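Data block below; observations after.
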Amino acid sequence: MLPWELINSKLEINQLAESARLSAFKDNRFNKKRDEKKVLKEIEFLNLKEFENISFEETAQICEGVELARRLVAAPPNSLTPQEMSIQASQIAKDHGLEVKILEAKDCEDLGMGAYLAVAKGSDLDPKFIHLTLKSEGPIKEKIALVGKGLTFDSGGYNLKVGASQIEMMKYDMGGSAAVLGAAKALGAIKPKGLEIHFIVASCENMINGSAVHPGDVVKASNGKTIEINNTDAEGRLTLADALTYASNLKPDAIIDLATLTGAIVVALGNDVAGFWSNNDNLANDLKAASSQSGEELWQMPLQKSYKEGLKSHIADMKNTGPRAGGSITAALFLEEFFDKEIKWAHIDIAGTCWTDKNKGINPSGATGFGVKTLVQWIKNK
């Protein structure tokens, strides 16, 4: 219990309520405790008379978004398929009055999404390109696109994940899409004013069959750029290439993408801090402020232009991976090639933060829901 003398604002009270609720979160869907009825029903604050009229409704809505993201990330890949993710997204739209569009493989082919579809064709499960839209009532002052990587399982393809790669954990490779859909749920309930927000996920699996993409294949993204695939396990950036182009074509003022993109960011920053890149100082500062308020730590990384040399291909416009050194930076530089440069953009690599093996007694699922609170706070700050 925190002494009331140390609580100085409504924000701090809401943060306490949020922490209490999320620390009590349990995900027992897939074990023998699934019918357990023990849930947190009430939080009581004592001796806070000056804040007695405070409402926790918005805090509850944000927590529901985080909890959805945690459930999505924790779900095994035979449960959360691309089809199931599209169903979950459609339910968010139904519950909160959002517009929903689910593009099938043929729709994506018509749009020239050769990079995304190259990843998807190794799976027997159909890809689902998800697009939710939240439009505020009244005049729209800003248009925003939130894009999440949506690999419901990543085998690595023919560059198969082996050894210590934790292939069995690659159900969480859709952590970016979970954050985006969790934010959609929270913001759909909060209903921010003056904004048009697009939530975009190119969902699929990265698997191996007779049709799967080969190492060395050249594919064309929907913006016309050709990509030599020198590593099939760098598949997330291929799906994001077409998702970012799609988002860019909507002409937003800003795009933020979230992805469990690189092991390199885990080497750089560990499991408590997410790395991010941005082409705009104001957007970067706003994200830093939002992450500080939400308690999700971000660290800005450099867009080192000289590293683009490592992405050069002899036969295509670019390769999908560069040298191992600086791998998270070259991944960000790759993504930067797939949207209008006039658009403010930030890329957040949550490979280290979307899952934790700490505090198993508090959060047995391991899924953190990282990113939801930062996105929502960034929107609220507008």
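The values are calculated or read from the model by the stated rules, or taken from the named source; none is laboratory data. Because the structure is predicted, anything quoted here is derived from the model rather than measured. Quick reminder, even Gly has a Cβ in these numbers, built from the backbone with ideal geometry, and neighbours come from all protein chains shown.
Picking from 327, 310, 322, which residue would you name as being among the small types (Gly, Ala, Ser), touching a Pro at 6+ places or on another chain (Cβ under 9 Å) and more than 17 Å from residue 148 (Cβ to Cβ)? Walk me through it before giving the result.
Details: 327 fails: touching a Pro at 6+ places or on another chain (Cβ under 9 Å); 322 fails: touching a Pro at 6+ places or on another chain (Cβ under 9 Å).
Result: 310 is the single residue among 327, 310, 322 that is among the small types (Gly, Ala, Ser), touching a Pro at 6+ places or on another chain (Cβ under 9 Å) and more than 17 Å from residue 148 (Cβ to Cβ).
Here residue 209 fulfils each of the conditions (1) surrounded by fewer than 18 Cβ atoms within 10 Å (Cβ to Cβ); (2) among the polar types (S, T, N, Q); (3) part of a helix (DSSP H, G or I) apart from (3).
Considering only the stretch 343-358, I want to know if a residue exists there that is within 27 Å of residue 185 (Cα to Cα), touching a strand residue (DSSP E or B) at 6+ places or on another chain (Cβ under 9 Å), surrounded by 15 or more Cβ atoms within 10 Å (Cβ to Cβ) and of a type in the set (Phe, Trp, Tyr).
Narrowing the stretch 343-358 to residues within 27 Å of residue 185 (Cα to Cα): 343-358.
Keeping just the survivors that are touching a strand residue (DSSP E or B) at 6+ places or on another chain (Cβ under 9 Å) gives 343-356.
Retained after the next criterion (residues that are surrounded by 15 or more Cβ atoms within 10 Å (Cβ to Cβ)): 343-356.
Next, only the ones that are of a type in the set (Phe, Trp, Tyr) stay: 345, 355.
Yes - at least one qualifying residue is present in the stretch 343-358.
For residue 156, the criteria (1) on the phi < 0 side of the Ramachandran plot; (2) crowded, with 16+ Cβ neighbours inside 10 Å hold in every case but one, which is (1). Inside the stretch 212-241, residues that are surrounded by fewer than 18 Cβ atoms within 10 Å (Cβ to Cβ) and part of a strand (DSSP E or B) make up a count of 3.
Just need a number here: residues in the stretch 141-181 that are part of a helix (DSSP H, G or I), in contact (Cβ under 8 Å) with a residue 24 or more places away in the chain and either among the β-branched types (Val, Ile, Thr) or over 18 Å from residue 231 (Cα atoms) (or both). Spell out the reasoning first.
Narrowing the stretch 141-181 to residues part of a helix (DSSP H, G or I): 163-165, 167-181.
If we keep only those that are in contact (Cβ under 8 Å) with a residue 24 or more places away in the chain too, we end up with 169-181.
With either among the β-branched types (Val, Ile, Thr) or over 18 Å from residue 231 (Cα atoms) (or both) added as a condition, the list becomes 169, 171-172, 174-181.
Total satisfying the criteria: 11.
The set of residues in the stretch 86-113 being under 11 Å from residue 202 (Cα atoms) and either touching a helix residue (DSSP H, G or I) at 6+ places or on another chain (Cβ under 7 Å) or free of Cβ contacts under 8 Å to residues at least 60 places away in the same chain (or both) consists of 102, 103, 104, 105, 108, 113. Within the stretch 90-105, the set of residues being of a type in the set (Gly, Ala, Ser) and crowded, with 18+ Cβ neighbours inside 10 Å comprises 93 only. Here is a check on your reading of the model: is residue 268 out of contact with any Lys or Arg (no Cβ under 8 Å at 6 or more places or on another chain) and in the same structural domain as residue 329 (by TED's automatic domain parsing)? Yes. Among the residues of the stretch 108-121, at least one is more than 22 Å from residue 183 (Cα to Cα), in contact with a Lys or Arg (Cβ under 8 Å, 6 or more places away or on another chain) and part of a loop (DSSP other than H, G, I, E, B).
With the structure loaded, tell me whether residue 193 is closer than 24 Å to residue 58 by Cβ, at pLDDT 95 or above, part of a loop (DSSP other than H, G, I, E, B) and touching a Gly at 6+ places or on another chain (Cβ under 8 Å) or whether it fails that test.
Working: closer than 24 Å to residue 58 by Cβ: yes; at pLDDT 95 or above: yes; part of a loop (DSSP other than H, G, I, E, B): yes; touching a Gly at 6+ places or on another chain (Cβ under 8 Å): yes.
The answer is yes for residue 193.
Picking from residues in the stretch 1-23 that are loosely packed, with under 14 Cβ neighbours inside 10 Å, assigned to a loop (DSSP other than H, G, I, E, B) and not hydroxyl-bearing (Ser, Thr, Tyr), the one that is modelled with the highest pLDDT is 8. Inclusion of residue 244 among residues that are buried (at least 20 other Cβ atoms within 10 Å of the Cβ), assigned to a helix (DSSP H, G or I) and in the same structural domain as residue 147 (by TED's automatic domain parsing) is warranted.
Is one or more of the residues making up the stretch 173-180 over 23 Å from residue 217 (Cα atoms), surrounded by fewer than 18 Cβ atoms within 10 Å (Cβ to Cβ) and out of contact with any Cys (no Cβ under 6 Å at 6 or more places or on another chain)? Taking every residue of the stretch 173-180 in turn, none turns out to be over 23 Å from residue 217 (Cα atoms), surrounded by fewer than 18 Cβ atoms within 10 Å (Cβ to Cβ) and out of contact with any Cys (no Cβ under 6 Å at 6 or more places or on another chain). Screening the stretch 271-368 for strands (runs of 3 or more DSSP E) wholly inside it with 1 or more residues that are modelled with pLDDT of 95 or more, of a type in the set (A, V, I, L, M, F, W, C) and touching a His at 6+ places or on another chain (Cβ under 7 Å) returns the ranges 273-278. Applying a threshold of 6 Å to beta carbon distances and a minimum spacing of six or more residues, or different chains, the list of pairs starting in the stretch 211-231 at a residue that is assigned by TED's automatic domain parsing to the domain that holds residue 117 and ending at one that is among the basic types (Lys, Arg) and surrounded by fewer than 22 Cβ atoms within 10 Å (Cβ to Cβ) reads 211/121; 226/220; 228/319; 230/319.
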